[in-house]
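Down below is the structure, laid out as structure tokens.
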Amino acid sequence: MHEQAAEAHDAGDLRRALRLTARALGLLARAVPSHHPDVANVELLRAQTLDALDRGDEAHAALVHARRILARRTRDPDVLRLRVQVLSALGFHLTMRGRYAQARTVLGSALTQAERHLGPRDEDTANVLNGHGVLGKYTGRFADASRAYRRALRILARIHGDESPALASLYHNLGGLEHARGRFRAGIPHARRSIVLRRRALPASHPAVVADEAALAALLEGTGELAEAERLYRRAIRLFSGTLGERSYEVAVNQANLAGVRADRGRPREAERLYLRALATHLRLGGEAHPDVALARHNLGVLLADLERPDEARPLLEAALRGWRQLLQASHPKPRATRAVLARLAR
């Protein structure tokens with residue numbers, strides 16, 4: 001049942017995967033002690049599925065439960081590998097929720113254990129390095145992120161070959177890193193490569209392929225290719241709405257990105273409506289202290305400032321800045337950008 005759940009998860013059938021993990025845990029509860037490693041293994045898949053379904057609190061609880069099960073001293077190589085996988089997943093989960101200090105601690109422990117128990121060239125070591133890269137991108141440590149991604153890429157290429165779909169996520173993330181640096185043209189080849197590799201294993205409508213296309217759209221938007229970016233954003237919104245629901249995290253991310261395109265194409269009212277929808281979803285899913293909430297407020301505040309509505313723009317920008325201060329160093333580009341707009345309004 002666990003294997004069927006993993007297959008459903010990989011195929012993008014998340015609700016079926018969740019049902020199967022629940023049934024597997026029910027069977028395990030009658031067959032093995034509650035601290036058995038198999039329970040942690042199913043909890044890991046359940047957490048990853050819950051995260052994809054925007055049920056972050058439940059995912060967090062499942063990951064913490066799995067980590068607690070695996071905390072016992074052991075020399076079993078399978079249990080040591082599973083512990084690394086759980087720590088890696090927990091670190092990524094914390095990163096995506098904006099809990100960067102905790103994520104850094106967890107991922108640091110994961111990398112230490114991966115290199116000690118699995119070796120520096122193991123696939124799970126590469127997965128932990130990918131998590132370090134994601135954390136580095138979000139916190140503005142771009143050089144650290146690049147090193148982690150490229151080391152992980154070398155490991156996976158050695159294991160699977162240069163043309164394997166296993167490399168797709170790293171190319172996706174390398175493109176995202178260039179986007180965060182504002183080097184949009186440099187990121188486009190990475191994004192296109194991630195799509196090519198992913199499509200070798202998955203259909204064009206699979207959520208992972210759609211996410212790759214949305215990442216490409218963000219880079220195209222940065223280079224001024226707005227029509228193609230808008231087409232890809234709209235496709236992402238349509239497909240994610242069908243698989244995850246209209247108020248899902250992925251839909252909100254692409255609504256906010258589409259809003260930027262609509263603003264640039266002279267449709268500010270449409271952009272405002274899209275930003276408001278995205279902000280409402282991010283607030284519901286992540287709460288006040290979430291990076292996507294701060295970003296949506298910043299972008300909406302900039303739009304309103306450009307529309308000469310400073311009294312509406314200022315509170316949004318001030319709230320965005322408070323959010324950034326909780327999450328990022330003052331020197332990070334995002335709080336600097338918000339402060340610059342507030343300064344412009346003060347003149």
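If LEU303 passes every condition in (1) part of a helix (DSSP H, G or I); (2) free of Cβ contacts under 8 Å to residues at least 24 places away in the same chain; (3) not basic (Lys, Arg) but one, which one does it miss?
All conditions pass for LEU303, except number (2).
Scan ARG277, ARG273, ARG262 and give me the residue that is charged (D, E, K, R), within 18 Å of GLY222 (Cβ to Cβ) and out of contact with any Phe, Trp or Tyr (no Cβ under 6 Å at 6 or more places or on another chain).
Every option except ARG262 fails the conditions.
Of all residues in the range 112-126 being assigned to a helix (DSSP H, G or I) and of a type in the set (Asp, Glu), which is nearest to ARG75 (Cα to Cα)? Show your work before the answer.
As a first pass, look at the range 112-126 and keep what is assigned to a helix (DSSP H, G or I): 112-118, 123-126.
Next cut, of a type in the set (Asp, Glu) only: 115, 123-124.
Numbers: GLU115: 15, GLU123: 19, ASP124: 17 Å.
Selected residue: GLU115.
Of the residues that make up the range 244-256, is at least one more than 19 Å from the chain's Cα centre (by Cα), at pLDDT 95 or above and polar (S, T, N, Q)?
Checking the range 244-256: not a single residue is more than 19 Å from the chain's Cα centre (by Cα), at pLDDT 95 or above and polar (S, T, N, Q).
Being surrounded by fewer than 22 Cβ atoms within 10 Å (Cβ to Cβ) and not hydrophobic (A, V, I, L, M, F, W, C) is the filter here; which residues of the range 189-212 pass it?
PRO189, ARG192, ARG193, ARG199, ARG200, PRO203, SER205, HIS206, PRO207
How many of the residues in the range 199-242 are over 17 Å from the mean Cα position of the chain (by Cα) and either of a type in the set (Phe, Trp, Tyr) or closer than 22 Å to ALA8 by Cα (or both)? Write out each step before concluding.
So in the range 199-242, the residues over 17 Å from the mean Cα position of the chain (by Cα) come out as 199-205, 220-232, 234-235, 238-239, 241-242.
With the extra rule that they be either of a type in the set (Phe, Trp, Tyr) or closer than 22 Å to ALA8 by Cα (or both), the set shrinks to 199-205, 238-239, 241-242.
The number of residues fulfilling the criteria is 11.
Does the range 93-101 include one or more residues that are crowded, with 23+ Cβ neighbours inside 10 Å, without any contact (Cβ under 8 Å) to a residue 24 or more places away in the chain and either β-branched (Val, Ile, Thr) or touching a Ser or Thr at 6+ places or on another chain (Cβ under 9 Å) (or both)?
No, there is no match, as no residue in the range 93-101 is crowded, with 23+ Cβ neighbours inside 10 Å, without any contact (Cβ under 8 Å) to a residue 24 or more places away in the chain and either β-branched (Val, Ile, Thr) or touching a Ser or Thr at 6+ places or on another chain (Cβ under 9 Å) (or both).
From ALA59, ALA29, ALA22, grab the single residue that is crowded, with 19+ Cβ neighbours inside 10 Å and assigned to a helix (DSSP H, G or I).
ALA59
Only one of ARG193, ARG151, ARG141 is without any contact (Cβ under 8 Å) to a residue 40 or more places away in the chain and closer than 20 Å to PRO333 by Cβ. Can you tell me which?
ARG141
In the range 298-330, which residues are more than 30 Å from GLN102 (Cβ to Cβ) and surrounded by fewer than 14 Cβ atoms within 10 Å (Cβ to Cβ)?
Within the range 298-330, ASP306, GLU308, ARG309, ASP311 meet the criteria.
With (1) touching a residue at least 60 places away in the same chain (Cβ under 8 Å); (2) out of contact with any helix residue (DSSP H, G or I) (no Cβ under 7 Å at 6 or more places or on another chain); (3) more than 20 Å from THR139 (Cα to Cα) as the list, and LEU285 as the residue in question, which single condition is left unmet?
Tallying (1) touching a residue at least 60 places away in the same chain (Cβ under 8 Å); (2) out of contact with any helix residue (DSSP H, G or I) (no Cβ under 7 Å at 6 or more places or on another chain); (3) more than 20 Å from THR139 (Cα to Cα), LEU285 fails exactly one: (2).
List the pairs whose first member sits in the range 330-347 and is on the phi < 0 side of the Ramachandran plot and part of a loop (DSSP other than H, G, I, E, B), whose second member is surrounded by 13 or more Cβ atoms within 10 Å (Cβ to Cβ) and of a type in the set (Val, Ile, Thr), and whose Cβ atoms are under 8 Å apart, counting only residues at least 6 apart or on separate chains?
HIS332/THR139
Pick out the one residue from ALA204, ALA215 that is small (Gly, Ala, Ser), over 19 Å from LEU300 (Cβ atoms) and in contact with a Gly (Cβ under 9 Å, 6 or more places away or on another chain).
ALA215
The values are calculated or read from the model by the stated rules, or taken from the named source; none is laboratory data. Here the structure is a predicted model, which is why all the values come from computation and not from measurement. Positions of Cβ are generated from backbone atoms using ideal geometry, with glycine treated the same way; all protein chains shown enter the neighbour counts.
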